[in-house]
Amino acid sequence: MPNPSPFRGLSRRTLLQGTAIVALAPAMAEAASPAAERRFHLRAEAAPLRLGTAQQPESPMARLAAVDAPAPGMTVLRAREGEPFVLEIENRLDQPTGFHLRGLRGPNAEDGVPGLTGTPIPPGGTGLIRVPARQSGTFILAPSLASHVAEQNARGLHGAVVVEERTRPAFDLDEVLAVSDWRLDEQGRLAGDFNSRRDAARVGRLGNRLTANGAPAPGGMVVRPNARLRIRMINTSNARMIPLKVSGFSAEVFAIDSTPCQPFDPLKRTVMLAPSSRIELVLQAPPQAGQTGAIEARIGEGIPIFTYRTEGEPLLAPARTISLPDPGLPPAIRLQDAVRVELAITGGAGTQPADADPAALARLFADPAQIFRLNDGKVGGFSGKPLASLKRGRVLVLALANRTAWPQVIAVHGHAFRLLHAYDDGWEPYFLDTLYLAPGTVARVALIADNPGRWAIRSTIAEHFAAGVATWFEVT
């Protein structure tokens, strides 16, 4: 049964109608004077939208609106590396919330995880996140209160934050592409079955309509021939893994999970975006006008997400390859004296149709917050003991074991890690902070615990986070 909306009684916003072509998300708000402390004023509020045609009913969505520069679609904030800023978020919803800036390796007090590094923002209250801006990159501002994150994220309560480099690389366009999915009912409204045990015990909430920047996909734009496009791709869905393929334009990966890497050509021009992961692609437009390119989801026969067309006079052909600045992370990690810890995920439902029966799930999982267990219940949540406690500067090797029948996506807060090879004889040539785990697999990651505080290790699948896939570690 659909749940009543918790966002009732608030002002209407601009409606999205049909499948109109939309532009990539530019900066919806940008703080002004560099001499003063930058402060972005945001409001978490209801945003009734039509998710289908103009004849279909509204859905009670939500959004993070930039108070000083409101605009339709997903809010994107832009700041500059080395210029600290503050996110001031007013809660106009009638339920508590909290926000985490996914990808930020900042002070522990600003991590924004209720129950671990902060408290929920009550209705009518205001929360602050102070960002030192020492790290450039692409970040997701997303709800983080476990008991409400599945509903709030599904309703669209998220935004993007871009911290640009001190010296901007020579791209012709620098845009955000946020990809997600909506679960619509037969009337074209957002389905209200949030936090169902069926979703939580299996793969999580999957939608049936893909979106681009908060509007029905596909979106599209016109670019000049020879244009070099920096596309900051993020996955804001609750649970869907989204493989994205580029066609028509050449493509290179420049950054993963808010951290630059050595540019490389993705295999078959395809990248995989897990929930809350970020990948920056650089697309090179062909030199002729009238050419087309696309980013499509490799689901079924392919679903267009965003399209490009070249028009006008060609820009000068790029003279050289652009590299992003060094992220300042240690290139090598000494594994010999590492603290080694296992995190084993068990629980959840089976894969047979009978395993999805609501009555059976209610009997099997009386407490929906404990559908999954970590290390046989020895750790779990943010109030118990930490998974590990280690001194600053030590190396942590974390063995992540998915002993469930469903994919898991695990994020580590406050740190970037290397994905190790099977026998600790090397690692992948990039940093991550979010990792996909197929059912029945084990992966090992290594990080240098150089950021003091209490840090979450948790699922970025919203329903799994609410269902028990969350713990923490401590750096003293």
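Figures for the structure shown
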item	result
Single residue of PRO169, PRO123 found to be farther than 30 Å from GLU58 by Cα, in a loop (DSSP other than H, G, I, E, B) and not aliphatic (A, V, I, L, M)	PRO169
Top-ranked residue of segment 27-57 - restricted to ones that are acidic (Asp, Glu) and at pLDDT below 95, ranked as farthest from THR126 (Cα to Cα)	GLU30
Criterion violated by VAL176 - all others in (1) at pLDDT 95 or above; (2) under 30 Å from THR404 (Cα atoms); (3) surrounded by 19 or more Cβ atoms within 10 Å (Cβ to Cβ) satisfied	(2)
Residue in segment 341-350 that is surrounded by 21 or more Cβ atoms within 10 Å (Cβ to Cβ), under 25 Å from ILE410 (Cβ atoms) and out of contact with any strand residue (DSSP E or B) (no Cβ under 7 Å at 6 or more places or on another chain) present	yes
Among the residues listed as ALA356, ALA349, the single one being in the same structural domain as LEU420 (by TED's automatic domain parsing) and in contact with an Asp or Glu (Cβ under 6 Å, 6 or more places away or on another chain)	ALA349
Whichever residue in segment 351-375 is over 29 Å from the mean Cα position of the chain (by Cα) and hydrophobic (A, V, I, L, M, F, W, C) and, among such residues, is surrounded by the most Cβ atoms within 10 Å (Cβ to Cβ)	LEU364
VAL409 being within 21 Å of ARG102 (Cα to Cα), hydrophobic (A, V, I, L, M, F, W, C) and touching a Pro at 6+ places or on another chain (Cβ under 9 Å)	yes
Failed item, numbered, when PRO216 is tested on (1) more than 18 Å from the chain's Cα centre (by Cα); (2) at positive phi	(2)
Selection from segment 99-117 of residues that are at positive phi and surrounded by fewer than 24 Cβ atoms within 10 Å (Cβ to Cβ)	GLY115
Residue, farthest from LEU329 (Cα to Cα), within segment 273-301, restricted to residues that are within 22 Å of the chain's Cα centre (by Cα) and surrounded by fewer than 18 Cβ atoms within 10 Å (Cβ to Cβ)	ILE299
Flag if SER258 is crowded, with 24+ Cβ neighbours inside 10 Å, closer than 20 Å to ARG78 by Cβ and not hydrophobic (A, V, I, L, M, F, W, C)	yes
Number of the exception - THR211 against (1) more than 23 Å from HIS148 (Cβ to Cβ); (2) under 15 Å from the mean Cα position of the chain (by Cα)	(1)
Subset of segment 52-99 [assigned to a loop (DSSP other than H, G, I, E, B), touching a Pro at 6+ places or on another chain (Cβ under 7 Å) and touching a residue at least 60 places away in the same chain (Cβ under 8 Å)]	LEU93, ASP94, GLN95
Any hit, segment 184-194, residues being aromatic (Phe, Trp, Tyr) and touching a helix residue (DSSP H, G or I) at 6+ places or on another chain (Cβ under 7 Å)	yes
In segment 314-339, the residues that are surrounded by 15 or more Cβ atoms within 10 Å (Cβ to Cβ), over 25 Å from the mean Cα position of the chain (by Cα) and under 21 Å from TRP427 (Cα atoms)	ILE333, LEU335, ALA338, VAL339
Residue among VAL469, VAL412, VAL397 that alone is over 21 Å from the mean Cα position of the chain (by Cα) and modelled with pLDDT of 95 or more	VAL397
Subset of segment 288-312 (residues that are more than 22 Å from ASN213 (Cβ to Cβ) and modelled with pLDDT of 95 or more)	GLN288, ALA289, GLY290, GLN291, GLY312
Residues of segment 61-77 classified as modelled with pLDDT of 90 or more and surrounded by fewer than 20 Cβ atoms within 10 Å (Cβ to Cβ), total	1
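For (1) surrounded by 23 or more Cβ atoms within 10 Å (Cβ to Cβ); (2) modelled with pLDDT of 95 or more; (3) not assigned by TED's automatic domain parsing to the domain that holds TYR430, each residue gets a yes or a no:
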position	(1), (2), (3)
THR236	yes, yes, yes
MET241	no, yes, yes
LEU244	yes, yes, yes
PHE249	yes, yes, yes
GLN262	no, no, yes
VAL271	no, yes, yes
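To keep it simple, each residue is scored yes or no on (1) more than 19 Å from the chain's Cα centre (by Cα); (2) over 30 Å from GLY328 (Cα atoms); (3) β-branched (Val, Ile, Thr); (4) at pLDDT 95 or above.
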position	(1), (2), (3), (4)
ILE129	no, no, yes, yes
THR138	no, no, yes, yes
SER144	no, no, no, yes
SER147	no, yes, no, yes
GLY159	no, no, no, yes
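The values are calculated or read from the model by the stated rules, or taken from the named source; none is laboratory data. Just so it is clear, the structure is predicted and the values come from calculations on it, not from any experiment. All Cβ positions, glycine included, derive from the backbone under ideal geometry; neighbour counts span all protein chains shown.
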